[in-house]
Amino acid sequence: MILLPRPYPDEVIGSVLARGARHLGLSWGRLLWLATGRSGSSAPYLMPFALARLAKATGTDPEYLLERHTLFPYATSFMPLDRRQALKARALRDGELCGVDALGHVVLSRTPYRRVCPHCVAEDLASRGETYWRRSHLLPGAHVCVTHGTPLASSTLPLQHGAGASDALLPSDAKPAHRAPLLDFPLLESIAMHSVRALRRRPVDRNWLERYWVAAFALGYRLRRGAVASAILAADVKRLFGKKFLDSIGAPIDLRKRSPWPTLLVRPQYPTRVAAFKHVLMLTFLEHATEIERLETELYRRPGPKCRDYKRVDAEALARMRRYVGEHGRGGRRLTVRSLVEASGEAPCMKRFPDRFPRSKSFLREFRKSSIAARRVREPGTNGID
Ligand SMILES: [Zn+2]
């Protein structure tokens, strides 16, 4: 069995392996094979894998590694407790496999490059003589070190794949890459705070959707009928974070869609699974949103039947009647006005609201005078159309 260094606080598993490789003078690939039985460079850096073996090698236990040194607590932070427990059991049972791959992907795909806090690097070098990768710096959308309250530097090191991803590199090796922040500092700070809280929170059963719903209500996102004005809220979430930022972290909001993701978070009666990162954005939004004085409700139609565009309805009814005459009125065959009205597809509506069908009515008037109109005795109650 290989011996690995004991993990530092908040250190990700991949970082423990990288330090181990350095201490032992081994290549990343060789160390990975010896420590986990895995070959190749695609070892999940932040998610649970080979927990039993890694626990032995680091003198810890699998559950401790899972909770303190992977992103598992973050990814499952907003889930119902029983689901979290089931996933945890799976991750611990399938210790040799990455039992929660899909979960890992959701988190990892949102952080393309590793991030570094220059202050943490300096402090680690001074106190430990080496640096390490922290979970809290690699969370999706986390661009602030919550320990130092300063922006994290982006690096050119990919988190998962690509050049350098497979080497035993540590933050002190990272070259800073200057990427302009896509959001103001206070927003980035909130995102980082809520992310770290999600990572470190003791597992609790909390109805998050109900919390958001109540908070949205309190802010004034309230419709007459007591529902949350979720479409307006979604538009405001989009405005606060901006399209660029939302796209960059894989949480775009398409307002033309029936239910863009923020609306799913304020419907406690329809619980859905939403990625942890979107919960973090919702918490950040609720923290920064200003109270609404007057809600613009034009986005919502009034309750009741849908308003129809009668100009179009009339034109379509007319077209259908013309087609009917064209198809059935040949060879001296006579047609009744009633059959025409039926063919319009709007018979009940035309009967009830004749004024909304001026073109159809005038067509029927002309038709009645024509030679193909069947002469019929007028029936009562037909409002003069037949
Ligand atoms: Zn720091």
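The values are calculated or read from the model by the stated rules, or taken from the named source; none is laboratory data. Everything numeric in this text was worked out from a predicted model, so none of it was measured. Neighbour counts run over all protein chains shown; Cβ positions are idealised from the backbone, glycine included.
Answer with yes or no whether Gly141 is surrounded by 21 or more Cβ atoms within 10 Å (Cβ to Cβ) and either out of contact with any Phe, Trp or Tyr (no Cβ under 7 Å at 6 or more places or on another chain) or assigned by TED's automatic domain parsing to the domain that holds Thr70 (or both). Full working, then the answer.
On the way: surrounded by 21 or more Cβ atoms within 10 Å (Cβ to Cβ): yes; either out of contact with any Phe, Trp or Tyr (no Cβ under 7 Å at 6 or more places or on another chain) or assigned by TED's automatic domain parsing to the domain that holds Thr70 (or both): yes.
Against the criterion (surrounded by 21 or more Cβ atoms within 10 Å (Cβ to Cβ) and either out of contact with any Phe, Trp or Tyr (no Cβ under 7 Å at 6 or more places or on another chain) or assigned by TED's automatic domain parsing to the domain that holds Thr70 (or both)), Gly141 qualifies.
Within the stretch 367-377, restricting attention to residues that are surrounded by 10 or more Cβ atoms within 10 Å (Cβ to Cβ) and in a helix (DSSP H, G or I), the residue that is farthest from the chain's Cα centre (by Cα) is Arg368.
Does Thr111 satisfy being within 18 Å of Val280 (Cβ to Cβ), modelled with pLDDT under 90 and more than 16 Å from the ligand (Cβ to nearest atom)?
Working: within 18 Å of Val280 (Cβ to Cβ): yes; modelled with pLDDT under 90: yes; more than 16 Å from the ligand (Cβ to nearest atom): yes.
Taking the combined requirement at face value, the residue satisfies it.
Just a yes or no: is a residue in the stretch 199-217 surrounded by 19 or more Cβ atoms within 10 Å (Cβ to Cβ) and within 17 Å of Arg114 (Cβ to Cβ)? Yes, the stretch 199-217 contains a residue that is surrounded by 19 or more Cβ atoms within 10 Å (Cβ to Cβ) and within 17 Å of Arg114 (Cβ to Cβ).
Of everything in the stretch 262-293, what is basic (Lys, Arg) and out of contact with any strand residue (DSSP E or B) (no Cβ under 9 Å at 6 or more places or on another chain)? Give them in sequence order.
Selection gives Arg273, Lys278.
Select from the stretch 328-361 the residues that are acidic (Asp, Glu) and crowded, with 17+ Cβ neighbours inside 10 Å and list them in ascending order.
Of all residues in the stretch 328-361, those acidic (Asp, Glu) come to 342, 346, 355.
The one that is acidic (Asp, Glu) and crowded, with 17+ Cβ neighbours inside 10 Å: Glu346.
Among helices (runs of 4 or more DSSP H) entirely within the stretch 128-229, having at least 1 residues that are away from the ligand (no atom under 16 Å from the Cβ) and at pLDDT below 90 singles out 208-219.
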